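In what follows, a single structure is set out as structure tokens and then discussed.
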Amino acid sequence: MANWSLLGYAGPEPPERVAAARQAEGRTEHIFQMINSSITADTSLDFDAVVIGSGCGGAVAAAELACAGHRVLVLEKGKYFSLSEMSGVEGEALDQLYERGGIVSTEDTGLAVLAGGTFGGSAVNWACCLRTPDYVRQEWATEHGLKRFATDEFGDALDAICKRINVTSTGISHNRNNELFIDGCQKAGYEVEDAPQNMADASPGASGAGFICAGDRYEIKQSMTVTFLRDAAAARVPAQFADRCKVSEVIHSKGVASGVRATLIGSDGQPHQLTVRARVVVVACGSINSPALLLRSRLPNKNGLIGRIFDCTRCHSSLPGCLLALRTWCLGRVRR
């Protein structure tokens, strides 16, 4: 913070201004209740379904199951933070919202891995929303026997999710570094398109758009805490939630999962053993922790694909004379 003035960086808005901006846009925060507050000893629970992970996969599964009338428990390893508990300061956000403080790397340190580690998961990710390409769906169907991915049913599911989280590629504003990148691609003859985004407001100067990765205090991004987790909490059989709950293994026998074992921080601040029995077990704790959980649980891995993940790279460049224009915090509308 001491260097902010040297950079011409004003920093995040104070909480009262953030709250006023949310109110002006008609956005109302939902406060999620955690079952941690009722646990002070080792506990066993019974549900119809237990969902491990509260991000993009787990939230959708939880909402669908809860809205269908099933008793659902969502377990999240990270901590739930209300909007008032987020400062918008990068250093604090990394500690609070990212996996291991945002410093995960491969064993040889050759690859850095940035992943969310908080309730809602996607709350700290980019707003970019890419549909599974048709050629990938066809590959999964023909080469791996996953026929459903090539059906209209899967396409309809993608449509429903995109609609719920407000994915759009129209009217998207760009900061100066993206404008330069687009201009360069066009001059070089490369095809370039706007990446679809799940934003409530993608216009120039949208409040808080440049600070989403440090905690979306404005709720401008239509992430899981704003959409599917709210749907799960508001279902006719409301889903229940637990944060600071690390699942150690999936309980299974003869190829059938029957629950999970976990360690949960109770209301007394102490770790307690939690056993959840459920007919349905959904593993959706991200590309890092899902494979780790499956391997710890000694689940079958006949195809050897557990642990293969999607990666993303960055491109850096030097642009003399453009430093002032590239101060993304001044524009307040970072897009990736």
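Observations
- Residue within the stretch 221-228 that is in a helix (DSSP H, G or I) and either buried (at least 21 other Cβ atoms within 10 Å of the Cβ) or touching a helix residue (DSSP H, G or I) at 6+ places or on another chain (Cβ under 6 Å) (or both) present: yes
- Residue that is surrounded by the fewest Cβ atoms within 10 Å (Cβ to Cβ) [pool: residues in the stretch 270-305 that are in contact with a helix residue (DSSP H, G or I) (Cβ under 8 Å, 6 or more places away or on another chain) and part of a loop (DSSP other than H, G, I, E, B)]: Asn301
- Those helices (runs of 4 or more DSSP H) lying entirely in the stretch 1-118 with at least 3 residues under 21 Å from Gly269 (Cα atoms): 90-97
- Residues that are more than 17 Å from the chain's Cα centre (by Cα) and in contact (Cβ under 8 Å) with a residue 12 or more places away in the chain within the stretch 211-244 comprise Ala233, Ala235, Arg236, Val237, Pro238, Ala239, Gln240, listed in sequence order.
- When the stretch 248-257 is filtered for residues that are surrounded by 15 or more Cβ atoms within 10 Å (Cβ to Cβ) and either over 14 Å from Arg298 (Cβ atoms) or out of contact with any Gly (no Cβ under 9 Å at 6 or more places or on another chain) (or both), the ones remaining, listed by number, are Glu249, Ala257.
- For the stretch 17-64, filtering for residues that are touching a residue at least 40 places away in the same chain (Cβ under 8 Å), more than 19 Å from the chain's Cα centre (by Cα) and under 25 Å from Val167 (Cβ atoms) leaves 5.
- Against the conditions (1) aliphatic (A, V, I, L, M); (2) closer than 16 Å to Lys221 by Cβ; (3) within 20 Å of the chain's Cα centre (by Cα), Ala160 satisfies every one except (2).
- Candidate set from the stretch 95-119 (those that are in contact (Cβ under 8 Å) with a residue 24 or more places away in the chain and of a type in the set (A, V, I, L, M, F, W, C)); member that is nearest to Ser290 (Cα to Cα): Ala115
Laboratory data are not the source of any read-out in this text; all were calculated from the coordinates shown. It should be emphasised that the depicted structure is a prediction, and the values quoted were computed from it without experimental measurement. Because the Cβ atoms are built from the backbone with ideal geometry, glycine has one as well, and the counts that use them run over all protein chains shown.
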